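Down below is the structure, laid out as structure tokens.
The values are calculated or read from the model by the stated rules, or taken from the named source; none is laboratory data. The structure displayed is predicted, hence computed values, not measured ones. Here Cβ is always computed from backbone atoms with ideal geometry, including for glycine, and neighbour counts include all displayed protein chains.
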Amino acid sequence: MKLRLGVVWFDPGPETGWAVLVVDDFRAHDDPVLSRVRHFTAGTFYTYPRGYPQKRYTTEEYDLLINGQIDECVELCRLWNEAAYGSEDFALGTDVRGKEVLAPVRVMQGIDYALHTVGIGLEKQMPSEREEAERLRRWGFVPERGTTTHSIAATGHALKFLKKAATNPKIAARAWGGTRGDWEPHMRVLPRGATP
């Protein structure tokens, strides 16, 4: 049996928040999942150079910026190659026009495809499924400096996903491998040079 379970979660967009959580395997204890967090870190990947005003980018420039952000997300997955991976999903409901509106779709699909090519699924949750920011603050998952709304959203999703997986073996099996009901996580090492 595995001793630790990891989750890498993304909140995609022109700025993509990310969070990594590692917990003790919840099959080995009866404690709440949140009391067994052994590692937590979060941050944000930026499409636009941080601190610079957004300028009008050509389509080619914008494509390179989005693809660079996808590369950052994929590299994070590669670093945490035994984790479950997830992304905030959404339903597009806006009349706003511009390249930025589709950035979340492009980033999420880039990550999804990269994982798909090595046989790994990307978990998805709607925005309403994440833990609220105020709860995260009370629980100590919002550092005083360096956080963005996107990294907070990614953290909220990762925690909610862990709580769901702890009570639903089918979700855990899908995320960490194995068969339904009696899942046995297996190591999913991504070969060097392979895109997750």
Which condition from (1) of a type in the set (F, W, Y); (2) at pLDDT 90 or above; (3) surrounded by 16 or more Cβ atoms within 10 Å (Cβ to Cβ) is the one that Y113 breaks?
(3)
Based on this model, can you work out whether K164 counts as at pLDDT 90 or above, among the basic types (K, R) and closer than 22 Å to R38 by Cβ?
yes
In region 106-118, which residues are of a type outside the set (S, T, Y) and free of Cβ contacts under 8 Å to residues at least 12 places away in the same chain?
Q109, H116
Residue that is nearest to R36 (Cα to Cα), among those in region 141-154 that are surrounded by fewer than 15 Cβ atoms within 10 Å (Cβ to Cβ) and without any contact (Cβ under 8 Å) to a residue 40 or more places away in the chain
E144
Are there any pairs, at least 6 apart or on different chains, whose C-beta atoms fall under 7 Å, with the first in region 69-88 and over 17 Å from A103 (Cα atoms) and the second in a helix (DSSP H, G or I), and if so, which?
C77/L115; A84/A175; A84/W176; Y85/C77; Y85/L115
Condition broken by G93, with the remaining ones in (1) modelled with pLDDT under 90; (2) crowded, with 16+ Cβ neighbours inside 10 Å; (3) within 29 Å of K164 (Cβ to Cβ); (4) not β-branched (V, I, T) satisfied
(2)
In region 119-140, residues that are in a loop (DSSP other than H, G, I, E, B) and buried (at least 16 other Cβ atoms within 10 Å of the Cβ) total 4
